[in-house]
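Before any comments, here is the structure.
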Amino acid sequence: MALFENLSSRLSRITDAMRGRSRVTEKDIKDMMREIRLALLEADVHYQVVKDLSAEISDKARGAEVLQSLTPGQQVVKIVHEALIHVLGEEEKLTVSPTGFTVIMLYGLQGAGKTTTAAKLALYLKDRGKKPMLVSTDVHRPAAQEQLQILAEQVGVDSYINPDEKSALTLAKEGEERARYMMCDTLIIDTAGRMTVDDQLMEELKAINQALNPDERLLVVDAMIGQEAVGIAQAFESRIGLDGFIMTKLDGDARGGSALSIRRMTGKPIKMMGTGEKVNDLEAFHPDRLASRILGMGDVLTLIEKASEAFDQDQAEKTLERLKANTFTMQDMLEQLEQIQGMGSMKEMLSMVPGLGRKLGDVDIDEKDLLRTRAIIQSMTRQERDNPRILNASRRRRIARGCGLEVQDVNRVVRRYDDMMKMMKQFGMLGQGGKRRRGRMPLSGLGF
Ligand SMILES: Nc1nc2c(ncn2[C@@H]2O[C@H](COP(=O)(O)OP(=O)(O)O)[C@@H](O)[C@H]2O)c(=O)[nH]1
Ligand SMILES: [Mg+2]
């Protein structure tokens, strides 16, 4: 799913119309600016930011460089891109304490995504070699602590909760003690939220802030609330202090105004962004990449990073070897499927391919199909996986029953495997001295 779908599709339509132009007049730029302003206002970008952005874009676009350039349309797109990067601010990484024990405190309104983000962040840090501990200090909502505990187990990170304890401050202190005792290097504090900024809650957060002196105090902001986020950020900043933001729910139809307004209006950086409900849907915030995605220019770097995170290098080489040796079995196909699933939503991945993002539109990539294929192979015996030729009608019926699907579904998977084998024969031939076609990946044979 594209990030801030509406804004992105409008802006990219506008810039696409400019891109190919060999002549750009003052009037073209004026028309473009009107459309860009409208798109930004509709995305609920703060008017001050809209004003700044418009001024920056039109000043530069009217400059001699553009009008005299051989590719003025492209120059204009470049200017819009740079202005977006500028407004999103410099990239800033998460702080790591020089003491070796980092405390990160998350706060924000109810439903902003704090608890989910706490778990996502723990996983993110764990994947980067840290040993985080999660603590919940939400003493207000029933089952809030258990929610964090379940997520912690899901991502394989230690957590501390104590549903009998009624003081958030005590919980935070106990959590810190436990984290140090467990030799963790990062403590992530999940806090309670309210529907609005509220005195009692502020006092509670302030007490935790004073006692634990966090290295990072991050406001978790739901991107869907638009520019209202600016006021909320200012309230937290003045009452407790704040070091940066994590924007959530940038997937889907979020209007995006908050992400484009918050840095300029508060001077604080966005550090991370949540792009989905799953625990691995959290990314470091790269202004240039986000600007590219907003303009539908794709984000190849993030794509490559995601792919290389999911694809085990050894595994990829092993697959290649087996392909060459023509010993690729259904078991190998299953392993490949598992890797594809590890890459996250296919549609999200594909939307990062330059130029493809918008075109995908409503095309639904059948992720269920991936799951079904996997279930079918898992219902096969090892012998069947290694030698699919033995799959006669009665075996196919048994497999279909085993995974609750139809025989046609099994047939389809076998056919897909056969197609892969055909492709591999070709691949094997190419491997013997012929030129290997560029971009040919074993995966493309899966037909997804
Ligand atoms: N689509 C999407 N949903 C999210 C994201 N982050 C959180 N959510 C959802 O937002 C809802 C509230 O999240 P929760 O962590 O309980 O919010 P809290 O009240 O701030 O702790 C849950 O249904 C989450 O799954 C995100 O980045 N994208
Ligand atoms: Mg919560």
| Do you know which of the residues in segment 168-206 that are open to solvent by 10 Å² or more (accessible area, probe 1.4 Å) and hydroxyl-bearing (Ser, Thr, Tyr) is nearest to ligand 1 (Cβ to nearest atom)? | Thr196
| Going through segment 182-219 one residue at a time, which ones are more than 18 Å from Ile246 (Cα to Cα) and of a type in the set (Lys, Arg)? | Lys206
| Does any residue of segment 88-102 turn out to be open to solvent by less than 10 Å² (accessible area, probe 1.4 Å) and within 21 Å of Cys184 (Cα to Cα)? | yes
| field | Checklist (1) polar (S, T, N, Q); (2) within 16 Å of ligand 1 (Cβ to nearest atom); (3) open to solvent by less than 10 Å² (accessible area, probe 1.4 Å) applied to Thr115, failing item | value | (3)
| said: Tally up the residues in segment 199-237 that are β-branched (Val, Ile, Thr) and in a helix (DSSP H, G or I), please. | reply: 4
| task | Within segment 238-270, count every residue that is part of a strand (DSSP E or B) and either away from ligand 2 (no atom under 16 Å from the Cβ) or not assigned by TED's automatic domain parsing to the domain that holds Lys120 (or both). | result | 4
| If you scan segment 271-286, which residues turn out to be under 9 Å from Thr248 (Cα atoms) and either within 16 Å of ligand 2 (Cβ to nearest atom) or among the polar types (S, T, N, Q) (or both)? | Gly274, Thr275, Leu282
| request: Can you run down the residue pairs with Cβ atoms below 8 Å, 6 or more apart or on separate chains, where the first is in segment 206-221 and under 21 Å from Thr170 (Cβ atoms) and the partner is open to solvent by 10 Å² or more (accessible area, probe 1.4 Å) and in a strand (DSSP E or B)? | output: Asn209/Arg217
| Total residues in segment 232-255, condition charged (D, E, K, R) and open to solvent by less than 60 Å² (accessible area, probe 1.4 Å) | 2
| task | From (1) within 29 Å of the chain's Cα centre (by Cα); (2) within 13 Å of ligand 2 (Cβ to nearest atom), pick out the condition that doesn't hold for Leu201. | result | (1)
| note | Flagged in segment 213-231 as open to solvent by 20 Å² or more (accessible area, probe 1.4 Å) and more than 16 Å from ligand 2 (Cβ to nearest atom), in numbering order, are Asn213, Asp215, Arg217, Met224, Ile225, Gln227, Glu228, Gly231
| said: Whether any residue in segment 141-149 is within 16 Å of ligand 1 (Cβ to nearest atom) and either in the same structural domain as Asp52 (by TED's automatic domain parsing) or open to solvent by 80 Å² or more (accessible area, probe 1.4 Å) (or both) is what I want to check. | reply: yes
| Residue check, Glu42 against (1) free of Cβ contacts under 8 Å to residues at least 40 places away in the same chain; (2) within 22 Å of Ala233 (Cα to Cα), all met but one. Which one? | (1)
| query | Is one or more of the residues making up segment 286-305 open to solvent by less than 10 Å² (accessible area, probe 1.4 Å) and modelled with pLDDT of 90 or more? | reply | yes
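The values are calculated or read from the model by the stated rules, or taken from the named source; none is laboratory data. What you are looking at is a predicted structure, and each value in this text was computed from that prediction instead of being measured. We place every Cβ from the backbone using ideal geometry, glycine too, and count neighbours over all the protein chains shown. Surface accessibility is based on the protein's heavy atoms, side chains included, excluding ligands, DNA and RNA. Shrake-Rupley method; radii C 1.70, N 1.55, O 1.52, S 1.80 Å.
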